[in-house]
1. Do you know which of the residues in segment 80-116 that are free of Cβ contacts under 8 Å to residues at least 40 places away in the same chain and more than 27 Å from Asp170 (Cβ to Cβ) is surrounded by the fewest Cβ atoms within 10 Å (Cβ to Cβ)?
2. Could you list, in sequence order, the residues of segment 440-469 that are crowded, with 20+ Cβ neighbours inside 10 Å and small (Gly, Ala, Ser)?
3. Please give the helices (runs of 4 or more DSSP H) falling wholly within segment 75-193 in which 2 or more residues are under 24 Å from Lys315 (Cβ atoms).
4. Given the structure, is Glu313 touching a residue at least 60 places away in the same chain (Cβ under 8 Å), closer than 26 Å to Gly70 by Cα and of a type in the set (D, E, K, R)?
5. From the list Val263, Val257, which residue is of a type in the set (A, V, I, L, M, F, W, C), assigned to a loop (DSSP other than H, G, I, E, B), at pLDDT 95 or above and closer than 30 Å to Leu16 by Cα?
6. Pairs, please: C-beta under 8 Å, at least 6 apart or cross-chain, first residue in the same structural domain as Ala448 (by TED's automatic domain parsing) and more than 11 Å from Ala468 (Cβ to Cβ) and in segment 493-522, second small (Gly, Ala, Ser) and in a loop (DSSP other than H, G, I, E, B)?
7. Exactly one condition in (1) in a helix (DSSP H, G or I); (2) over 30 Å from Asn23 (Cβ atoms); (3) touching an Asp or Glu at 6+ places or on another chain (Cβ under 9 Å) is not met by Leu241; state its number.
8. With Leu279, Leu268, Leu307 as the choices, which residue is in contact (Cβ under 8 Å) with a residue 60 or more places away in the chain and under 18 Å from Glu235 (Cβ atoms)?
Amino acid sequence: MTSIFDNPAEFADDALDGFVAANRNYVARVDGGVVRSTEMNPGQVSLVVGGGSGHYPAFAGLVGAGLAAGSACGNMFASPSAGQVYRVAKAAAMNGGVLLSYGNYAGDVLHFGQAQVRLNAEGIETRTVLVTDDIASAPIDEWEKRRGIAGDLTVFKIAGAAAEAGLNLDDVERLAIKTNYRTRSLGVAFDGCTLPGADEALFHVPAGKMALGLGIHGEPGISEHPMPTASELAELLVSRLLADKPDDAGTEVVAIVNGLGTVKYDELFLLFGKVEKLLSVAGLSVVEPECGELVTSLDMSGLSLTLLWLDEELKEYWAAPADTPAFRKGNLAPRAQRNVAEEVQAEAAEMETPTPAAAELGLHAVTAVSAIRDVVMEHEEALGNLDAIAGDGDHGIGMRRGVDAANAAAQKTATLEGGASVAAVLTAAGEAWSEKAGGTSGALWGTAFIAAATALGNRDSYSSKDAAVAVGAFADAITTLGKAEPGDKTMVDAILPFRDAFIASLDSGTSVVEALKGAAVVSQEAANATSALRPLKGRARPLAEKSLGHPDPGAISFGLIVERLGQHLDNELMESGTRA
């Protein structure tokens with residue numbers, strides 16, 4: 001039970017502020033997480049890790065020389081938003097590229113992925129390596145579907161050491177991928193954890209029982225077993241990990257016994273001794289092991305065993321020095337402190353002056369976002385009811401939260417002294433939509449807005465070609481991040497026909513407004529046609545039969561929005577007496 005807090009809703013932020021205060025020689029606070037407070041080498045690859053709070057030492061405790069350059073920190077057991085990841089990565093970047101690495105969880109994949117799209121669009125080369133070490137979460141032939149637990153440490157440590165050694169982004173990524181492939185973990189729980197302010201644990205394990213295959217977000221495990229002795233537990237963990245070893249496994253392993261919150265060090269040491277003997281009997285040599293709390297789950301009573309099969313290359317980087325608040329190895333020369341707050345403020349102050357054309361288009365973008373808000377408000381309840389047929393019914397309210405935030409952010413940005421470009425307005429709207437809406441649609445709409453913003457930029461003039469590029473960027477962002485294809489019964493089924501019809505109309509000489517109106521009709525027809533499809537993505541997939549005969553909510557909301565935008569632009573141009 002977590003007892004020390006003021007407002008449970010602010011627990012994660014308050015704890016992070018205190019962590020920074022206690023470790024200011026290592027880390028500095030930025031909006032969304034922490035970055036190193038000491039200087040890094042110019043041109044160095046920046047490893048940015050992260051995930052939900054509640055797992056200390058992961059993730060913020062692993063920021064420091066020889067390891068991570070920054071950590072994006074979400075709420076308790078919740079993914080950081082894309083904006084948080086983006087801001088941490090920007091503050092950590094040293095012109096050598098960014099490697100994002102985190103556990104394979106749907107929310108993290110979506111939001112880190114959105115940040116990656118944006119960073120790459122801005123010229124900051126960014127790659128991702130997911131950690132997939134938990135053997136309980138998927139079979140070995142589907143290892144890419146496995147979630148990440150305590151194996152985070154091995155991937156982060158080797159990638160961080162490679163970056164510190166000056167390797168380029170290709171090599172840092174390669175080593176992270178190799179480490180992840182050679183890492184296996186399995187955990188057990190004796191009782192669940194309790195979120196701050198909650199009266200009950202997320203789950204309980206019956207007396208005399210043990211849950212096998214727990215997750216680090218309070219997931220209870222995949223099966224229950226009679227409580228074993230220490231020797232029996234060691235045998236269970238070791239035998240299952242050895243049965244799952246990688247094809248190219250050698251004879252040297254890193255062994256990590258990780259406590260999840262309330263299993264005390266004496267117990268962990270006792271178990272480690274038995275694990276080490278079993279590994280020796282199996283013909284394996286244990287190299288530079290770890291035993292302690294490394295990836296926790298608040299006050300969960302449980303532990304995990306991780307094995308990393310080494311080769312000579314991985315062995316070098318595992319043994320390399322590191323100096324972070326929670327993980328220290330070897331010796332590193334002291335680094336000078338950097339003024340992170342000053343650097344972040346200086347970058348924010350560099351916002352470019354909008355051209356007259358970009359500022360004018362920015363004002364049109366504000367009214368367009370307002371029009372989108374109006375149509376979402378009108379259809380919020382209907383969209384929610386449609387979503388409830390085969391989903392959780394939150395599409396309407398999620399869209400409303402997102403567009404409310406986007407509208408407010410767009411208006412605020414447009415009133416900045418000197419005005420704001422269309423890129424600035426749409427970027428602010430996209431960031432706000434992503435951070436406030438939550439869920440898949442929030443991340444997708446936020447990413448798409450920002451992609452369109454980047455495509456439009458801050459130019460001296462705009463033409464119909466720019467409109468085509470912006471629509472293409474919007475659609476590409478949705479398909480890249482959501483990984484959906486036509487026929488999957490998602491918003492992609494309405495977006496791609498809209499894009500193709502819009503661009504084809506412009507190519508034939510049709511005006512932007514008429515092309516938009518015509519493409520909106522195509523989009524709505526395509527959205528309605530999704531009623532005949534079975535969902536292959538998202539939460540509706542397990543309830544495919546219920547979904548048949550009903551169109552996809554995301555496709556329908558997109559069709560409604562582009563129809564309203566066509567009407568809005570037509571009205572604006574009629575009032576001004578001009579045509580685009």
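1. Ala106
2. Scanning segment 440-469 gives Ser441, Gly442, Ala443, Gly446, Ala448, Ala451, Ala452, Ala453, Ala455, Ala467, Ala468.
3. Fully inside segment 75-193 and qualifying: 152-164, 169-181.
4. So Glu313 fits the description; yes.
5. Matching residue, one of Val263, Val257: Val263.
6. Asp493/Gly487; Ser511/Ala580; Val513/Ala580
7. The failed condition is (3).
8. Leu307 is the lone residue from the list that is in contact (Cβ under 8 Å) with a residue 60 or more places away in the chain and under 18 Å from Glu235 (Cβ atoms).
The values are calculated or read from the model by the stated rules, or taken from the named source; none is laboratory data. None of the values given here were measured: they were computed from a predicted structure. Methodologically, a virtual Cβ is constructed for each residue, glycine included, from the backbone with ideal geometry; neighbour enumeration extends over all protein chains shown.
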